[in-house]
Amino acid sequence: MSNILFFFIFFSVQTIGSAVVILFTRNVMYAVTALLSSLLGVAALFVLAGADVLGVIQIIVYIGGVLVLTLFGVMYTYQSPKRYQESIPHKKSVFILIPLLFVLVLLVQALPLLPMIDDPYQHASKVEVTGMLWLTEYLPIFEWIGFLLLVVLIGAGWIGSTLVQEDKSKGEQV
Amino acid sequence: MNPLQHTDPMLLPAHFLHSVALTIFFLPVLTFVILFFTGKHISTSWRSWLATSVVGLMFILSLYVHLSVDVPIIARWSWFSMGTLHMTSGMVLSSFTTSMLVVVTAIALMVHLYSMEYMKDRRNHSKFFPYLALFISAMIGIILSDSLFNIFIFWELVGLASYLLIGFWYQKKEAAAAAKKAFLYNKAADTAFVIALGLIFTYYGTTELTLLRTLISSSSILVPTGIAISIAVLLVLSTFGKSAQFPFYVWLPDAMEGPTPVSALLHAATMVAAGILVLIKCDFLLVEQMRWVLVWTGAITALLAAIQAIRCYDSKKILAFSTVSQIGYMMMAIGTGNTSAAYFHLGTHAFFKAGLFLSVGAVIHTMHHIQQNSFKNKIYLEVDTLDIRLMGGFRKTMPIAFYAYVACYAALIGIPFFTGFLSKETILASLLQNPTYSIPFGMALTTVGITAYYMTRQLYWMFLGDFRLAALYPSCKEEQRKIKENHWLINIPLIVLACTTLSFFVSFHPFHASDIHWMKAPLPIVGGSTSIYLPIASISITLIGVLLAWSMASKEQLYNWKQYWFWTFVQQNYGIEKAVQFVFIIPSFLIARGLTYLDKIIDMWVNAQAYLAVLLAHIVYAIDRFLIEGVLKGIVFLIRIVGSSFRSLIQGQVQSYISTTLIVLALMFWWYLRQLH
Amino acid sequence: MIPITLYFIVGAVLFAIGTTIVLVRRNVLFVLMGIELILNAASINFVGASQGDYIKLSGQMMTLLIIVIAACEAVVALAIIMVLFKKAGSVDLMELKKLKEF
């Protein structure tokens, strides 16, 4: 077993194990922490696949942005210690079957379709190539992404602002 | 032979006398209607006087009609029409019918006068006189009618009235039973009348008696012999019921449960006389064979009833048996063809039998008063007031009743100078004329002796000796001293009836009845002129009977006498009722029971079919329920499961929607990827 | 070189777990995390599949897009959660049944 495969399995286990922790924990803070671990594992998998840039972006965007936002959400929605922890979920059996169905679909029907790529990891870093592609061939996509982000930011801000306005009007009314 | 077409009788205009006769007929109808519907709203005395005066008026009118009638006059008018069928209704006024009218109204008047006092304090009094009126009216209808159809209607009315009067004190169980018995025996006989009527109408085409008589005497219509005999048999049978002949006579002794005046009327003038009357009217219909039957039946009846009277202790039942036996004489007379003799005996018998009943009734009345008075003194005498064993000694205390009784008694047993002797001699003589009837003649002569025996016995026990009730119940001694003559309303009828039993009332010749002036019709030459030995023989037999009774009566054991099987048999009406039971009733019940079983079997079959149908229905039901409905229910259940499972997904929860979407997505992937293979 | 199948298997498992979280958990924040996991699973697949692609790197580009969209999604979702919490006073999906027809 090569070293790289060992690392792959290690990070895979980290990712999946953390995801399982999210699935089973009732504490939101634990869940956020486990999500952090899981996303880090994914970033490592990216790196192992030769996508170094993506690994970095993954860490920056998720851990720097999404996770902080989630934490903010956790704190915002905090009500009481009692409600801090989620009560027992409902109808587990039915809902667990559905993802299993998907896994089944994938394993039974999709995997045999895959062309086997057996090329070994021979090349050096693709960072340079990535950067070149972004600014040349995929530039329109890049622009669209920026635009999308702008729209999302404005939209989110608008949604948040209506809240503030409602609060204000409520306060005035009172 | 084909039945004849209906012949239209000629209509005849009514004479003035017919309207008088109709008035006589309708007066009691009027009384009946008035008294029946006013009921208890008018007082007892008013009621009695109204009814009695009406009967008195009827008697006077009857006398007038009788005296006015010379030759028979017939009125015939249309009764109703049905298509080509014209029914007529006729009335015949001859010396025969009008004299019977006089007899009936005279007896009725006596009975009414008597009843005014006798029935005064009795229960249910308001119904008594209307029923009597109905009875008399129906009897007059029978007497006057010329149509057998009309006679049948009145015949049934007589039956109804007798039923009502016998069961007059219907609260008494015995009275109700006796009324029922009389009614049923009569109805059984009346069935024969209906059939006879139908046969006559079918084969002769008419029921007008006058017309029938001419048709038969002229032999213009030939009727098969079998039919003629059937008609005769049926007619005779029906009169056997009404006139209480063997074997139908068993109802008559029981009919003594009715009030005593009713018994007098029933025995003397109305009920039992009706049968004889109809037979006399239909005499021309009797064929030769039937005459023989009539003689024999009459003789047997006379003898059997007389024997039954020997050991009887019921004062009224003795008289009832004597009536039966006397009517047997009348039957014999009709059988010999001497209808005049029968009619003569009917007339004389009416008077002396009414007298006997009324005088015995006077004694019973007194007995009843004693019982009532002692009841007022709080002593209840549980005795039968009709029992001759409790009577005695009334000769001194009630001389009028006694002498009236003796007169009628003498007439009944046939002592010379009394009417009964004349009529009985006539019948015996007509029997003697025909040598084939020697045995019936012997029976009739024996009956004369037995009659003398039992009547003397009754006379002895009722009127002579000591008052035995007081001997048995010392508490009655006080009452015994108070016994006196009855009210004049009771005594007058007794005196009148006693007078009518004297022979010069009917014939001035003491030993010969050739000159019956009030009947206005000379009898055929029978009687003394045939044989001088006959009256001597009968008188001597009578005397033997009287003397025997006289000597036996004082020695007779009143209670606990040895019961020979013969007397038990006699007291049970010679087993006639048992025979009826065995011959008719038990077979009927057996047939009924057999039919019940048959019915049950049919029932079982039907039930089995029904059960089978029910079983099939259950099977079909089960199929329907579990197979068809089950399938339907299964489908419904499946749909419901599917529906509810889908419905459970759509509960407004985001996750449910997501899961649904994902399932569909997975399936789509599955399908898509399979396509790729 | 790691076999591409392994990436797919890891991606599938991660996807399954993410889906399960989305479907099973009641807290909206958990659901949000589940969505992130699903998106990551997709990313893993893309990245794994583009291992041998040295010229175009289309898989990596796709993953970049996914990450951006995930970020956008997180922002919008959080805004929605804020509004939701303000309006309903709860982040429990069991209590939010306003999508129901009746």
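The values are calculated or read from the model by the stated rules, or taken from the named source; none is laboratory data. Quick caveat, the model's predicted, so the values are computed rather than measured. Every residue, glycine as well, gets a Cβ built from its backbone with ideal geometry; the counts of neighbours run over all protein chains shown.
Got a sec? Which of B:LEU113, B:LEU101, B:LEU132, B:LEU109 is more than 21 Å from the chain's Cα centre (by Cα), closer than 16 Å to B:ILE24 by Cβ and part of a helix (DSSP H, G or I)?
B:LEU109
For segment A:143-174, the tally of residues that are modelled with pLDDT under 85 and under 17 Å from C:ILE66 (Cβ atoms) stands at 0.
Taking the conditions exactly as written (crowded, with 23+ Cβ neighbours inside 10 Å, under 21 Å from B:TRP296 (Cβ atoms) and more than 29 Å from the chain's Cα centre (by Cα)), does B:SER423 satisfy them or not? Step through it out loud before you land on a result.
On the way: crowded, with 23+ Cβ neighbours inside 10 Å: yes; under 21 Å from B:TRP296 (Cβ atoms): yes; more than 29 Å from the chain's Cα centre (by Cα): no.
No: the conditions fail for B:SER423.
Could you run through segment B:11-27 and say how many residues are in contact with a Ser or Thr (Cβ under 8 Å, 6 or more places away or on another chain) and under 16 Å from B:TRP79 (Cα atoms)? The qualifying residues number 1.
Kindly establish whether B:SER430 is touching a Pro at 6+ places or on another chain (Cβ under 9 Å), hydroxyl-bearing (Ser, Thr, Tyr) and modelled with pLDDT of 75 or more.
Details: touching a Pro at 6+ places or on another chain (Cβ under 9 Å): yes; hydroxyl-bearing (Ser, Thr, Tyr): yes; modelled with pLDDT of 75 or more: yes.
Against the criterion (touching a Pro at 6+ places or on another chain (Cβ under 9 Å), hydroxyl-bearing (Ser, Thr, Tyr) and modelled with pLDDT of 75 or more), B:SER430 qualifies.
This table checks each residue for (1) crowded, with 20+ Cβ neighbours inside 10 Å; (2) part of a helix (DSSP H, G or I); (3) charged (D, E, K, R); (4) in contact with a Leu (Cβ under 9 Å, 6 or more places away or on another chain).
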{"site": "B:LEU22", "(1), (2), (3), (4)": "no, yes, no, yes"}
{"site": "B:PHE25", "(1), (2), (3), (4)": "yes, yes, no, yes"}
{"site": "B:VAL29", "(1), (2), (3), (4)": "no, yes, no, yes"}
{"site": "B:ASP70", "(1), (2), (3), (4)": "no, no, yes, no"}
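Can you name the residue in segment A:49-58 that is within 7 Å of chain C (Cβ to nearest Cβ) and part of a helix (DSSP H, G or I) and, of all such residues, is surrounded by the most Cβ atoms within 10 Å (Cβ to Cβ)? Checked segment A:49-58; the qualifying residue surrounded by the most Cβ atoms within 10 Å (Cβ to Cβ) is A:LEU54. Just a yes or no: is a residue in segment B:545-553 within 34 Å of the chain's Cα centre (by Cα), surrounded by 10 or more Cβ atoms within 10 Å (Cβ to Cβ) and at pLDDT below 80? Yes, that holds for at least one residue.
Number of residues in segment A:1-48 that are more than 7 Å from chain C (Cβ to nearest Cβ) and either in contact with a Leu (Cβ under 8 Å, 6 or more places away or on another chain) or assigned to a helix (DSSP H, G or I) (or both): the value is 24.
Considering B:ALA579, B:ALA666, B:ALA608, which residue is under 60 Å from the mean Cα position of the chain (by Cα) and either surrounded by 11 or more Cβ atoms within 10 Å (Cβ to Cβ) or modelled with pLDDT under 90 (or both)?
Working: B:ALA666 fails: under 60 Å from the mean Cα position of the chain (by Cα); B:ALA608 fails: either surrounded by 11 or more Cβ atoms within 10 Å (Cβ to Cβ) or modelled with pLDDT under 90 (or both).
Among B:ALA579, B:ALA666, B:ALA608, only B:ALA579 is under 60 Å from the mean Cα position of the chain (by Cα) and either surrounded by 11 or more Cβ atoms within 10 Å (Cβ to Cβ) or modelled with pLDDT under 90 (or both).
Filter segment A:100-132 for residues that are assigned to a loop (DSSP other than H, G, I, E, B) and more than 7 Å from every other protein chain (Cβ to nearest Cβ); which is modelled with the highest pLDDT? First the steps, then the outcome.
Taking segment A:100-132 as the starting set, the residues that turn out to be assigned to a loop (DSSP other than H, G, I, E, B) are A:114-126.
Restricting the remaining residues to those that are more than 7 Å from every other protein chain (Cβ to nearest Cβ) gives A:115-116, A:118, A:122, A:124-125.
Values: A:PRO115: 59, A:MET116: 54, A:ASP118: 50, A:GLN122: 54, A:ALA124: 58, A:SER125: 65.
The extreme case among them is A:SER125.
For segment B:259-319, please list each of the helices (runs of 4 or more DSSP H) lying entirely inside it that holds at least 1 residues being surrounded by fewer than 24 Cβ atoms within 10 Å (Cβ to Cβ). Even if it seems obvious, please write down each step before you answer.
Numbers: elements: B:260-268, B:271-281, B:288-310.
Passing ranges, in order: B:271-281, B:288-310.
Residue count for segment C:20-58, restricted to those that are over 23 Å from A:THR77 (Cα atoms), surrounded by 23 or more Cβ atoms within 10 Å (Cβ to Cβ) and without any contact (Cβ under 8 Å) to a residue 24 or more places away in the chain: 3.
Kindly indicate which of B:SER322, B:SER263 is modelled with pLDDT of 90 or more and farther than 30 Å from B:GLU208 by Cα.
B:SER322
Within segment A:1-42, being loosely packed, with under 14 Cβ neighbours inside 10 Å, over 20 Å from C:VAL31 (Cα atoms) and touching a residue at least 40 places away in the same chain (Cβ under 8 Å) holds for one residue alone: A:ILE4. Within segment B:181-198, the residues that satisfy the criterion of being small (Gly, Ala, Ser) and within 11 Å of B:PHE248 (Cβ to Cβ) are B:ALA182, B:ALA188, B:ALA189, B:ALA192. Look through segment B:370-417, keep the residues that are farther than 23 Å from B:ILE310 by Cα and without any contact (Cβ under 8 Å) to a residue 40 or more places away in the chain, and return whichever of them is surrounded by the most Cβ atoms within 10 Å (Cβ to Cβ). Across segment B:370-417, the extreme among qualifying residues is B:GLN371.
Across segment B:470-509, what is the total count of residues that are in a helix (DSSP H, G or I) and touching a strand residue (DSSP E or B) at 6+ places or on another chain (Cβ under 7 Å)?
Of all residues in segment B:470-509, those in a helix (DSSP H, G or I) come to B:470-472, B:474-482, B:488-500, B:503-505.
Going one step further and asking which of them are touching a strand residue (DSSP E or B) at 6+ places or on another chain (Cβ under 7 Å), we end up with B:503.
Result for segment B:470-509: 1.
Among the residues making up segment B:253-272, those that are of a type in the set (Gly, Ala, Ser) and touching a Leu at 6+ places or on another chain (Cβ under 6 Å) are B:GLY258, B:ALA264.
Which of the residues spanning segment B:359-413 are within 31 Å of the chain's Cα centre (by Cα) and among the β-branched types (Val, Ile, Thr)? Within segment B:359-413, B:VAL360, B:VAL363, B:ILE364, B:THR366, B:VAL383, B:THR385, B:ILE388, B:VAL406, B:ILE413 meet the criteria.
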